[in-house]
Amino acid sequence: MAAPAPQTVIEVRHWTDRLFSFKTTRDKSFRFENGQFVMIGLPVDGRPLLRAYSMVSANYEECLEFFSIKVPNGPLTSRLQQIKVGDHVLVGGKPTGTLVQAALTDGKRLYLVSTGTGIAPFISVVKDPQVYERFETVVLIHGCRFIKELEFGRLAVEALRKDEYLSEMIGDRLIYYPTVTREEFVHRGRVTHLLDSGTIARDTGLPMLNPAEDRVMICGSPAVLADMCALMDKLGFEEGALSKPGSYVIEKAFVER
């Protein structure tokens, strides 16, 4: 495994008291697929303290971007949330992960189901021109507790719709569906319930989820992963991997920060 190398922090933004994002320089030799993650961290007591983080940035962008939760007593995030422009962050050299197109069989629609910072890899995915060549419609679902926690994803989608290169290709084929659980909002409820009940299908005008036409990527809390896997199994979806592509994939790397 390639040793983590220091990259310079070039931007930091605190979205809420629980969420922040940051950008770093990118080594010219660093290659990854949209949707993958890498180990990043800081030196602590002379040794690297690393955790898995998805790239928010697309694989063709010059910098790397990450989106993180703040855990008050978290070994890494309690330190990482203090970084400033000009500081250095360790970035591993071997990206990996299951949220890649090659792990899915062909279909009509791609659902990207996320909660919290789980939206990070899917911002990378929706920036990928190949996704729109392969799927007729891409549905980005983001569930949070509060409206302000949606801001990172909302602005990323807004920027994408205005992108001079991708906006024409994307058109109305990218559907962004934000939902919250603890405030009044245009969409309210847990992502699993909204999918299972048909609410998202009714709101978007799309058919109910079905394994014949739909492909699903899932990234969120352990509880959301468990509930979504149960729903996928109930509906007849089959979990995929690079060795055997299927109709849905999940990311298991982000259980503890």
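Results, tabulated for the structure shown:
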quantity: Candidates Gly107, Gly86, Gly153, Gly143, filtered to the one that is exposed (fewer than 14 other Cβ atoms within 10 Å of the Cβ) and at pLDDT 95 or above; calculated: Gly86
quantity: Qualifying residue in region 206-220 (condition: assigned to a helix (DSSP H, G or I) and either polar (S, T, N, Q) or touching a residue at least 12 places away in the same chain (Cβ under 8 Å) (or both)); calculated: no
quantity: Test: residue in region 60-69 that is open to solvent by less than 30 Å² (accessible area, probe 1.4 Å), farther than 21 Å from Val126 by Cα and touching a residue at least 60 places away in the same chain (Cβ under 8 Å); calculated: no
quantity: Selection within region 139-160 - in contact (Cβ under 8 Å) with a residue 12 or more places away in the chain, part of a helix (DSSP H, G or I) and either among the small types (Gly, Ala, Ser) or touching a Ser or Thr at 6+ places or on another chain (Cβ under 7 Å) (or both); calculated: Lys148, Glu149, Phe152, Gly153, Ala156
quantity: Qualifying positions in region 49-73 - of a type outside the set (Phe, Trp, Tyr) and farther than 19 Å from Gly220 by Cα; calculated: Leu49, Leu50, Ala58, Asn59, Glu61, Glu62, Cys63, Leu64, Pro72, Asn73
quantity: Selection within region 222-249 - touching a strand residue (DSSP E or B) at 6+ places or on another chain (Cβ under 6 Å) and not in a helix (DSSP H, G or I); calculated: Phe237, Glu238, Glu239, Gly240, Pro245, Gly246, Ser247, Tyr248, Val249
quantity: Pairs where the first residue, in region 111-130, is in contact (Cβ under 8 Å) with a residue 40 or more places away in the chain and within 19 Å of Asp172 (Cβ to Cβ) and the second is among the basic types (Lys, Arg) and in a helix (DSSP H, G or I), C-beta under 7 Å, 6+ apart; calculated: none
quantity: Residues that are surrounded by 12 or more Cβ atoms within 10 Å (Cβ to Cβ), of a type outside the set (A, V, I, L, M) and part of a loop (DSSP other than H, G, I, E, B), drawn from region 161-182; calculated: Asp163, Arg173, Thr181
quantity: Some residue of region 5-22 being aliphatic (A, V, I, L, M), within 15 Å of Ala253 (Cβ to Cβ) and either open to solvent by 50 Å² or more (accessible area, probe 1.4 Å) or part of a strand (DSSP E or B) (or both); calculated: no
quantity: In region 221-243, the residues that are farther than 16 Å from Val191 by Cβ, touching a residue at least 12 places away in the same chain (Cβ under 8 Å) and in contact with a helix residue (DSSP H, G or I) (Cβ under 9 Å, 6 or more places away or on another chain); calculated: Glu238, Gly240, Ala241, Leu242
quantity: In region 186-205, the residues that are of a type in the set (A, V, I, L, M, F, W, C), part of a helix (DSSP H, G or I) and over 20 Å from the mean Cα position of the chain (by Cα); calculated: Ala201
quantity: Leu195 being touching a helix residue (DSSP H, G or I) at 6+ places or on another chain (Cβ under 7 Å), touching a residue at least 40 places away in the same chain (Cβ under 8 Å) and open to solvent by 10 Å² or more (accessible area, probe 1.4 Å); calculated: yes
quantity: Count - residues of region 127-138 that are open to solvent by less than 50 Å² (accessible area, probe 1.4 Å) and either assigned to a loop (DSSP other than H, G, I, E, B) or more than 27 Å from Val224 (Cα to Cα) (or both); calculated: 4
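The values are calculated or read from the model by the stated rules, or taken from the named source; none is laboratory data. The structure displayed is predicted, hence computed values, not measured ones. Heads up, the Cβs are rebuilt from the backbone with ideal geometry, glycines too, and the neighbour counts pull from every protein chain shown. Accessible surface is based on the protein model in full, side chains and every heavy atom, while ligands, DNA and RNA are left aside. Shrake-Rupley method; radii C 1.70, N 1.55, O 1.52, S 1.80 Å.
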